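Here the structure comes first, spelled out in structure tokens, and everything after it is commentary.
The values are calculated or read from the model by the stated rules, or taken from the named source; none is laboratory data. In this text the structure is predicted, and so the values were computed from the model without any measurement. Positions of Cβ are backbone-derived with ideal geometry, glycine not excepted, and every protein chain shown enters the neighbour counts. The protein model used for the area step is the full one, side chains on, heavy atoms only, and it has no ligands, DNA or RNA in it. Shrake-Rupley method; radii C 1.70, N 1.55, O 1.52, S 1.80 Å.
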Amino acid sequence: MEAIEYLWKDRKRFLGMPLSFTRYRLSEDRLFCETGFLNVKSDEVLLYRVRDLRLTMSLGQRIFGVGTVCVVSSDKSMPHLDLKNVKDPRTVKELIHQNVEAAKDKRRMRATELLGGEDGPAYQEHDEDFDLDLDDDEN
């Protein structure tokens, strides 16, 4: 079993200092969140399933140089993951974005936004290798 190579690591911070038992890690294809000291809970999101990224920085977070990166995915067990109070959040968001795009390209996944009803847009995934060409006429 190979060790996972992490591209980024950080902890949830209090007053700008990493004084918590919540750890965040980013690998080439997954985003990990591990919480706890005695009882540890570990969650992960596959990057190709990430739908949206959002950055929020309150006044207090800006003072201490931290922010929250919100990751929205199509994963049923972890549809929303907040990376709370991480250092240099703009760089983290951009790093996640670049790796999400790379993971989708690697799997040849494309997301197509479709107009939904009153609930907003719906998303549909498809694999380019299995597209059907419906415009061909069979004579």
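Below is a table of values for the structure above.
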read-out: Which listed residue, of Leu31, Leu55, is open to solvent by less than 80 Å² (accessible area, probe 1.4 Å), part of a strand (DSSP E or B) and either touching an Asp or Glu at 6+ places or on another chain (Cβ under 9 Å) or at positive phi (or both); value: Leu31
read-out: Filtered residues of segment 64-78 (kept if open to solvent by 80 Å² or more (accessible area, probe 1.4 Å) and in contact (Cβ under 8 Å) with a residue 40 or more places away in the chain); value: Phe64
read-out: Breaking point among (1) touching a helix residue (DSSP H, G or I) at 6+ places or on another chain (Cβ under 9 Å); (2) at pLDDT below 95, for His80; value: (1)
read-out: Scope segment 79-114; condition of a type outside the set (Asp, Glu), without any contact (Cβ under 8 Å) to a residue 40 or more places away in the chain and either open to solvent by 70 Å² or more (accessible area, probe 1.4 Å) or not in a helix (DSSP H, G or I) (or both); matching residues; value: Pro79, His80, Arg90, Thr91, Gln98, Arg108, Arg110, Thr112, Leu114
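Conditions tested, residue by residue: (1) at pLDDT below 95; (2) within 16 Å of Leu95 (Cβ to Cβ); (3) within 14 Å of the chain's Cα centre (by Cα).
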position	(1), (2), (3)
Trp8	yes, yes, yes
Leu15	yes, no, no
Asp29	yes, yes, yes
Gly36	yes, no, no
Arg51	yes, no, yes
Arg54	no, yes, yes
Met57	no, no, no
